[in-house]
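Report on the structure given below.
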Amino acid sequence: MTSEQIVARAKINARLEAARRSGDVPEMQRCLAEDIAVLQSAYGVHLAGEPDLASRRKII
């Protein structure tokens, strides 16, 4: 995971915590979706465990 991805996750998590405290469920969902996207880009997998297309190109 790059330093940019770590910083992005920290910012997302701060927004998520603020949304949680205020009860803003749609913002919580957006934050979680963004966090998942950062994790997927960092590790090259999707929630189902399938490699993303970029990872497949590297493997081939």
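Things worth noting here:
- At q = 0.33 Å⁻¹, base-10 log of I(q)/I(0) for region 1-47 (Debye sum, equal scatterers on each alpha carbon): -1.11
- Charge sum, other residues only, whose C-beta stays under 12 Å from Arg15's C-beta, Lys/Arg counted +1 and Asp/Glu -1: 0
- Length added when fully stretched, Ala42-Ser3, from 0.36 nm per residue minus Cα-Cα: 13.0 nm
Values in this text are rule-based calculations from the coordinates and carry no lab data. Worth saying up front: this structure is predicted, and the values here are computed from it rather than measured. Ideal geometry is used to build each Cβ from the backbone, glycine not excepted, and the neighbour counts take in all protein chains shown.
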